[in-house]
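Okay, so here's the structure we're looking at.
The values are calculated or read from the model by the stated rules, or taken from the named source; none is laboratory data. A quick note: this is a predicted structure, and the numbers were derived from the prediction, not measured. Backbone-built Cβ (ideal geometry, glycine too); neighbour counts: all protein chains shown. These area figures cover heavy atoms from the full protein model, side chains too; ligands, DNA and RNA do not enter into them. Shrake-Rupley method; radii C 1.70, N 1.55, O 1.52, S 1.80 Å.
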Amino acid sequence: MPAPTLRPATAADVPALAALVNAAYRGEASRQSWTTEAHLLDGPRIDEAALHELLGAPGGGFLLAVGPGGQLVGGVYLQAQGPRLYLGTLAVAPAAQAHGLGRRLLDAAEAQARQQGCTHLKITVVAARTELLAWYERRGYVRTGATEPFPDTTRFGRPRQPLALVVLEKAVATEKAT
C-alpha cells in the first residue's frame with residue numbers, strides 16, 4: 001500500500017471525515033478491530049456540525065491522511081493549548097489499520113508540536129479502553145493521574161455504562177533555533 005499523503009483538512013473534507021471517524025470508532029467494520037467503541041457507546045461518534053466547530057476552534061485543525069485516488073484513510077485533531085498540543089479523534093479507516101498509519105499520524109502530531117514550540121502532547125482516552133491506553137503508553141504517553149468526566153451529552157454517543165477519560169501526556173523536545 002503506497003504511503004498516504006498528509007495534509008490539513010478543509011471544510012470540504014467534513015463529510016468524508018465524519019464517515020471515517022464513525023467507521024473507525026462505531027461502524028460495523030470497527031467491531032472487527034480493537035479500536036472500536038461500539039461496545040461502550042451507542043450512536044455516532046461525531047457529526048458534521050461538531051467537525052465544523054473543531055475546524056473553527058482557535059489553534060485547532062485536523063491533519064488528514066489521504067490515500068491513492070484521494071480516499072481519506074486517517075486523521076487526527078490537533079489544537080494548541082498553551083504549551084500543550086491537544087491530540088484527539090485519532091482515526092484510521094478499518095481497512096487501513098495495522099499498517100503503521102496511526103503511528104505516522106502520531107509522529108506528525110509530535111513534529112507539529114515541536115514546530116509550534118509546544119512542550120507536551122496531551123490526549124484523553126476513555127478509561128475502559130485498556131488496549132488503547134496501552135497503545136499510547138507504548139508510544140511514550142504517560143498517565144498524568146488526572147481524569148475528566150465523559151461529556152454529559154449524547155453528542156458523542158450514548159454511554160452504555162458510566163465512563164471517564166484518562167489524561168495522558170508526552171513530553172516533546174522543542175526544535176532549537178539555528
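Listed by first and then second residue, the pairs with beta-carbon distance under 7 Å, at least 6 apart or on different chains, first residue in the stretch 74-97 and over 19 Å from HIS52 (Cα atoms) and at pLDDT below 95, second open to solvent by less than 20 Å² (accessible area, probe 1.4 Å) and β-branched (Val, Ile, Thr), are VAL92/VAL73; ALA93/VAL73; ALA96/VAL73. The C-beta contact set for the stretch 1-22 (first residue touching a residue at least 24 places away in the same chain (Cβ under 8 Å) and charged (D, E, K, R), second residue surrounded by 15 or more Cβ atoms within 10 Å (Cβ to Cβ) and not in a loop (DSSP other than H, G, I, E, B), distance under 8 angstrom, 6+ apart or interchain) comprises ARG7/LEU63; ARG7/LEU64; ARG7/VAL66; ASP13/PHE62; ASP13/LEU64; ASP13/LEU72.
Of the residues examined, THR124 is not one that is within 24 Å of GLY67 (Cα to Cα) and among the hydroxyl-bearing types (Ser, Thr, Tyr).
Could you check, for the stretch 139-161, whether at least one of its residues is part of a loop (DSSP other than H, G, I, E, B), under 17 Å from the mean Cα position of the chain (by Cα) and free of Cβ contacts under 8 Å to residues at least 24 places away in the same chain? Outline the logic, then answer.
Step one: filter the stretch 139-161 for residues part of a loop (DSSP other than H, G, I, E, B), giving 139-141, 150-157, 160-161.
From the residues that got through so far, the ones that are under 17 Å from the mean Cα position of the chain (by Cα) too are 139-141, 150-151, 155-157.
Cutting the leftovers down to free of Cβ contacts under 8 Å to residues at least 24 places away in the same chain gives us 151.
Scanning the stretch 139-161, I find at least one residue that is part of a loop (DSSP other than H, G, I, E, B), under 17 Å from the mean Cα position of the chain (by Cα) and free of Cβ contacts under 8 Å to residues at least 24 places away in the same chain, so the answer is yes.
Please determine, by comparing only the residues of the stretch 136-148 that are out of contact with any Leu (no Cβ under 7 Å at 6 or more places or on another chain) and open to solvent by 60 Å² or more (accessible area, probe 1.4 Å), which one is farthest from VAL172 (Cα to Cα).
As a first pass, look at the stretch 136-148 and keep what is out of contact with any Leu (no Cβ under 7 Å at 6 or more places or on another chain): 137-138, 140, 145-146.
If we keep only those that are open to solvent by 60 Å² or more (accessible area, probe 1.4 Å) as well, we get 137-138, 145.
On the way: GLU137: 15, ARG138: 15, GLY145: 19 Å.
Among residues in the stretch 136-148 that are out of contact with any Leu (no Cβ under 7 Å at 6 or more places or on another chain) and open to solvent by 60 Å² or more (accessible area, probe 1.4 Å), the one farthest from VAL172 (Cα to Cα) is GLY145.
If you go through the stretch 110-136 one residue at a time, how many are in contact (Cβ under 8 Å) with a residue 60 or more places away in the chain and not polar (S, T, N, Q)? Write out each step before concluding.
Just the residues of the stretch 110-136 that are in contact (Cβ under 8 Å) with a residue 60 or more places away in the chain, to begin with: 110, 114-115, 126, 128-129, 131-132.
Pick out the ones that are also not polar (S, T, N, Q) and you get 110, 114, 126, 128-129, 131-132.
Total satisfying the criteria: 7.
Residues in the stretch 22-47 that are at pLDDT below 80 and assigned to a helix (DSSP H, G or I): GLU28, ALA29, SER30, ARG31, GLN32.
Does TYR141 satisfy the condition of being hydroxyl-bearing (Ser, Thr, Tyr), out of contact with any Cys (no Cβ under 6 Å at 6 or more places or on another chain) and within 30 Å of PRO15 (Cα to Cα)? Spelling it out, it is not the case that TYR141 is hydroxyl-bearing (Ser, Thr, Tyr), out of contact with any Cys (no Cβ under 6 Å at 6 or more places or on another chain) and within 30 Å of PRO15 (Cα to Cα). PRO8 meets all of the listed conditions (1) surrounded by fewer than 16 Cβ atoms within 10 Å (Cβ to Cβ); (2) out of contact with any Phe, Trp or Tyr (no Cβ under 8 Å at 6 or more places or on another chain) but one, namely (2).
Please state which one of ALA113, ALA19, ALA57 is of a type outside the set (Ser, Thr, Tyr), at pLDDT 90 or above, within 15 Å of the chain's Cα centre (by Cα) and open to solvent by 20 Å² or more (accessible area, probe 1.4 Å). Don't jump to the end; show me each part of the working.
Details: ALA113 fails: open to solvent by 20 Å² or more (accessible area, probe 1.4 Å); ALA57 fails: within 15 Å of the chain's Cα centre (by Cα).
Matching residue, one of ALA113, ALA19, ALA57: ALA19.
Any residue at all in the stretch 69-84 that is β-branched (Val, Ile, Thr), in contact with a Pro (Cβ under 9 Å, 6 or more places away or on another chain) and not in a strand (DSSP E or B)?
No, the stretch 69-84 contains no residue that is β-branched (Val, Ile, Thr), in contact with a Pro (Cβ under 9 Å, 6 or more places away or on another chain) and not in a strand (DSSP E or B).
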